[in-house]
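A.B. asks: Handing you this structure, nothing more for now.
The values are calculated or read from the model by the stated rules, or taken from the named source; none is laboratory data. Treat the numbers as computed from the prediction; the structure is a model and nothing was measured. Cβ: placed from backbone, ideal geometry, glycine included. Neighbour counts: every protein chain shown. Quick note on the areas: whole protein, heavy atoms, side chains included, nothing else; ligands and nucleic acids left out. Shrake-Rupley method; radii C 1.70, N 1.55, O 1.52, S 1.80 Å.
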Amino acid sequence: MGGERILVVEDERAVARGLAYALEREGFRVLLAETGEAALAAVRNDDPALVLLDVRLPDQSGFDVCRTIRSEGKRLPILMLTARDEELDKVLGLELGADDYIVKPYGLRELISRIRASLRRAYGELSADDDEPRRIMIGDIELDLERLQARRDGRTLDLTPIEFRLLRYLARHPGRPFSRDQLIEAVWGYESDVGSERTVDVHVRHLRLKLEADAAKPRHLITVRGIGYKLELEPEDSAR
Ligand code: CA
C-alpha cells in the first residue's frame with residue numbers, strides 16, 4: 001500500500017492544508033476540494049482511493065455529497081468528518097453509505113489509522129480465498145462473495161459496502177455471537193473506541209430493515225443479550 005490518492009473535501013483552507021501536509025508525509029497523494037460540487041467532479045474524474053469528507057461545506061452538505069457518490073454506484077471508502085456529537089447522531093441516523101465517521105477534534109494519528117483501515121477493507125480483501133465459499137445462503141438471501149452482492153429472488157439488495165462487510169463477516173461464522181468491540185475490530189479494522197459501538201448498532205439496524213421480514217422481530221440478525229450480535233443462516237423462530 002502506498003501513494004493512494006486521497007480526496008480531502010474541506011472548505012476551511014488552513015484545516016485542509018494541515019490535512020494535506022499530514023497525509024503527504026504518510027506517503028499519500030492528496031487532492032483538495034472546497035465545495036461539494038468540486039468534490040463530486042473530483043470523484044468522477046480523478047479516481048481517488050478514498051474520500052475524507054467534511055459535513056459542513058459552503059454549497060451543499062457532506063451528507064448530500066456522500067449520497068450522490070453512492071447513488072452513482074461508486075463504492076470507494078468515504079470517511080466523514082463531523083464537528084460534534086449531535087452531528088454524529090445525524091450522520092448515524094441517516095443512511096448515507098459512509099464507511100466510517102470521526103468526530104472533531106480528532107488526533108492525526110487516529111485519522112491516519114482510520115484511513116489505512118478503510119483502504120485495507122476496501123482494497124485488501126478483493127481476492128477471495130480459494131477454499132472459501134463463493135456464496136452463502138441466509139434464509140432466502142443469497143450472499144454472493146465474488147460479486148460482493150446480496151440478492152433475494154434475483155433482485156440485488158441495496159447494501160452499502162460496510163453493511164456488506166458486516167453481513168459477510170457474521171455469515172462466515174454463523175451462530176457465533178460477537179461483541180460490538182469484536183465486530184469493530186474485524187469489520188472496520190481498528191480498535192474499538194468510545195462511541196464506535198454505536199456505529200455497530202446503527203449498521204445492524206439498517207441491515208435488519210433490508211434483510212428481515214420484520215425488522216422489529218429479527219430471525220437472522222439476532223441480538224445476544226449481554227454480548228452483542230449473531231447471525232443465523234436458518235431463521236430463528238423467537239425474536240431477540
Ligand atoms: Ca467545513
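A.B. asks: Accessible surface of Lys230 in the full protein assembly, 1.4 angstrom probe, to the nearest 10 Å²?
C.D. replies: Result for Lys230: roughly 40 Å² accessible.
A.B. asks: Another question, then. Which listed residue (Tyr169, Phe28, Thr156) has the Cα farthest towards the positive end of the charge dipole for the chain, taking +1 on Lys and Arg C-beta and -1 on Asp and Glu C-beta about the Cα centre?
C.D. replies: Tyr169
A.B. asks: Cα-based Rg (one decimal) and Dmax (whole number) for region 135-231, in Å?
C.D. replies: 12.7, 40
A.B. asks: Under 8 Å for C-alpha pairs, at least 6 residues apart: give me the relative contact order for region 5-124, rounded to a whole percent.
C.D. replies: 23
A.B. asks: Using only Cα atoms, find the angle between the long axis of helix 108-124 and the longest principal axis of the chain, and express it within 0 to 90 degrees, rounded to the nearest 10.
C.D. replies: Helix 108-124 sits roughly 50 degrees off the main axis of the chain.
A.B. asks: Here is a follow-up. To the nearest 10 degrees, how steep is helix 161-172 against the longest Cα principal axis of the chain, on a 0 to 90 scale?
C.D. replies: Roughly 30 degrees between the two axes.
A.B. asks: Could you state the angle between the C-alpha long axis of helix 62-71 and the longest principal axis of the C-alpha atoms of the chain, as a value from 0 to 90 degrees rounded to the nearest 10?
C.D. replies: 60
A.B. asks: Given only helices, namely DSSP H runs of n ≥ 4 each adding -39500 (n - 2.57), what is the per-residue ellipticity at 222 nm of the chain, to the nearest 500 deg cm²/dmol?
C.D. replies: -12000 deg cm²/dmol, from helical runs alone.
A.B. asks: To continue, here is another question. Arrange the residues Glu34, Glu146 by how much accessible surface each exposes, largest first, with a 1.4 angstrom probe.
C.D. replies: Ranking Glu34, Glu146 by accessible area, largest first, yields Glu146, Glu34.
A.B. asks: Ok, one more. When only Cα pairs under 8 Å and 6 or more residues apart are kept, what is the percent relative contact order across the chain?
C.D. replies: 13
A.B. asks: Cut-off 10 angstrom, C-alpha nodes, Gaussian network model of the chain. Which of Leu79, Leu52, Leu19 fluctuates the most?
C.D. replies: Result for the chain, Cα springs under 10 Å: Leu19 fluctuates most.
A.B. asks: Stokes-Einstein at 4 °C, 1.567 mPa s, Kirkwood radius from Cα pairs: D for the chain in µm² s⁻¹?
C.D. replies: For these conditions, the coefficient is 69 µm²/s.
A.B. asks: Measuring with a 1.4 Å probe in the full set of protein chains, what accessible area per residue, in whole Å², belongs to region 135-231?
C.D. replies: Value for region 135-231: 48 Å² per residue.
A.B. asks: Provide the gained length on full extension for the span Arg151 to Ser71, in nm with one decimal, where the gain is 0.36 nm per separating residue minus the Cα-Cα distance.
C.D. replies: Result for the pair: 27.0 nm of gain on full extension.
A.B. asks: Also: If R₀ is 22 angstrom, what is the calculated FRET efficiency for the pair Glu12 and Arg109, using the beta carbon separation as r and rounding to 0.05?
C.D. replies: FRET efficiency, Glu12 to Arg109: 0.60.
A.B. asks: Counting C-alpha atoms alone, how compact is region 5-124: give Rg to one decimal and Dmax as a whole number, in angstrom.
C.D. replies: For region 5-124, the Cα radius of gyration and maximum Cα-Cα distance read 12.9, 34 Å.
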